[in-house]
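> Before we start, here is the structure in question, set down as structure tokens.
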Amino acid sequence: MANETLRAVRGMNDILPAEIGVWQHFEATVRAWLASYGYRELRTPILEQTALFKRAIGEVTDIVEKEMYTFVDELNGESLTLRPEGTASCVRAVIEHNLIYDGGKRLWYQGPMFRHERPQKGRYRQFHQIGVEALGFAGPDTDIEHLLMTARLWRLLGIGEAVTLEINSLGGVESRARHRAKLISYLEAHQEILDEDAKRRLYSNPLRILDTKNPALRALVEAAPRLIDELDAAARAHFDAVCAGLDAAGIAYRINPRLVRGLDYYNYTVFEWVTDRLGAQGTVCAGGRFDGLIEQLGGKSAPACGFAMGIERLLALMAELGQAGSAEGPDAYLVNVGDAAARRAQTVAETLRDGGLSVVLHAGGGSFKSQMKKADASAARYAIILGDDEVAAGEVSLKALRGAAWGDTQQQRVPLQAAVELIKQGVTNGNL
């Protein structure tokens, strides 16, 4: 055992340097997109009290019953859980710090979430989410904004043609109570068809049966009473306004009466963006309205609406469509050959950084040819070459590695400060 190779926990993956550029490109796009809508970042702990998720998500759900990483803190006997989703933590922070005392807030968060389930492509035990929450805003306009926001993001990421929008309304408390009674009565009449999971949930959480993945129950579910048929006037008006907003914006959608989402805190609008390009893991973004959650967790009653997206699934979809992108390389790679150049290289690199450039300094020696190969492999825009001759003249040689710059692809020798300005000019003018 002592010599056994240690490996990452199954379903919890390293993101290696060769892969991180795609993540950084995605994250930069998302940050700019959220800023354009006025959303501000919130960061919460990865670890929360278990009671938070039981109260928010619902005890009779797959997440709470089967998937949470929960343990007892040996120091004080407190039950703690690695967060399986971000909304509960966000709402807990908003209540604890009284963030909406002076009006609604538009917030977002990102980071790892944890669910103990069978790892498969696009579904991991540690996965990463971007979550967006608008807290304190009533009315369908916020629901519409979230749907238009997500549609814009898909265009920015180049995946708009590969995702489709499904929406539904879960109504309010009275609507769900009427539907629950009819649904239980319907399912009771077909108990011989129900699987063990459905029988267990028949009285505790019958709505979740509609979200079953068992093909044998598909026909039964399709014929079940529909919650959307039980909507009261307020819920119907809200849903109609959301649909009208989507129509006005030219956003295509499908009303899916069986869309219920897997968390108990939703009411009124729920939605999913789905794709058929990722096999069984087709949902890339989901959310809706959760007007009762803030009060449910101990805060003053306030409306709320939000959504979350799985980063791994979106990156997989982008890769499938050839839209993965990458983070840009450094501005320059500093090649140094000769004893005098090696002694001078660190100072030159620092001067370049003082000028606002990102610079990788070659380390470990090697021939000029081998260093230039590494310069090219670094994805740097330029190679800055420092030899003993350049040191003696107080200059550097500059070579564009990524296309023509200044109308000249030839290597040229210039004073150090001139090199800084030429590189900035090339970057600014987009000549690379």
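> In whole Å, how far is the Cα centre of the range 122-155 from that of the range 1-42?
Centre-to-centre (Cα) distance: 19 Å.
> Once fully extended, how much extra length lies between Ala418 and Lys373, figured as 0.36 nm per residue of separation less the alpha-carbon to alpha-carbon distance?
Answer, rounded to one decimal: 13.7 nm.
> Further question: What order do you get for 367-379, 220-232 when each peptide is scored by the mean count of other beta carbon atoms within 10 Å, highest first?
220-232, 367-379
> If you don't mind, there's one more thing I want to ask. Given labels modelled 7 Å from the Cα in the Cβ direction, how far is it in nm from Ala319 to Ala233?
5.4
> Give me the Å³ per residue figure for the convex hull around the C-alpha atoms of the range 332-426.
Dividing the Cα hull volume of the range 332-426 by its residues yields 84 Å³.
> Relative to the present Cα-Cα distance, how much length would full extension add between Ile255 and Glu350 at 0.36 nm per residue of separation?
28.3 nm
> Using the Cα gyration tensor of the range 123-246, with a ≥ b ≥ c the square roots of its eigenvalues, what is the shape: rounded (a/c below 1.5), prolate (a/b larger than b/c) or oblate (neither)?
Note, shape of the range 123-246 comes out oblate.
> Using just the helices of the chain, give the 222 nm mean residue ellipticity in deg cm²/dmol: DSSP H runs with n ≥ 4 each add -39,500 (n - 2.57), and the total is spread over all residues, rounded to 500.
-11000 deg cm²/dmol
> Still on this structure, please answer the following. How do Thr283, Thr81 line up, fewest other C-beta atoms within 10 Å first?
Thr283, Thr81
> I would also like to ask the following. Calculate, in nm to one decimal, what Asp141 and Ala35 gain on full extension: separation in residues at 0.36 nm each, minus their alpha carbon distance.
Additional length available on full extension: 36.3 nm.
> Using the Cα gyration tensor of the range 1-89, with a ≥ b ≥ c the square roots of its eigenvalues, what is the shape: rounded (a/c below 1.5), prolate (a/b larger than b/c) or oblate (neither)?
In terms of gyration-tensor shape, oblate.
> In terms of modelled amide H atoms, which long-range or inter-chain residues lie less than 5 Å from the amide H of His128?
Under 5 Å from the amide H of His128: Met113, Ile311, Glu312.
> Which one of Val221, Val360, Ile384 is farthest out on the positive end of the charge dipole of the chain, using unit charges on Cβ (Lys, Arg +1; Asp, Glu -1) and the Cα centre as origin?
It is Val221, whose Cα lies furthest towards the positive end.
> Of all DSSP beta bridges in the range 332-426, what percent run antiparallel (nearest 5)?
In the range 332-426, approximately 50 percent of DSSP beta bridges are antiparallel ones.
> In a Debye calculation with equal point scatterers on the alpha-carbon sites of the chain and no solvent, what is log10 I(q)/I(0) at q = 0.07, 0.10, 0.12, 0.13 Å⁻¹?
-0.48, -0.82, -1.03, -1.14
> Sorted by average packing, counted as other Cβ atoms within 10 angstrom per residue and highest first, what order do 10-23, 85-98, 340-353 take?
My ranking of the peptides, most packed first, is 85-98, 340-353, 10-23.
> Given Cα positions, please report Rg to Rh for the range 174-215, the hydrodynamic radius being the Kirkwood one.
Reported Rg/Rh (Cα atoms, Kirkwood Rh): 0.95.
> Using the Karplus curve 6.51 cos²θ - 1.76 cosθ + 1.60 with θ = phi - 60°, what ³J(HN,Hα) values do you get for each residue of the range 128-133, in whole Hz, with x for Gly and Pro?
Along the range 128-133, the couplings run 10, 10, 10, x, 10, 10 Hz.
Read-outs: derived from the displayed coordinates by stated rules, not from any lab. Computed from a predicted structure; not experimentally measured. A quick note on method: Cβ atoms are made from the backbone with ideal geometry, for glycine too, and the neighbour counts reach across all protein chains shown.
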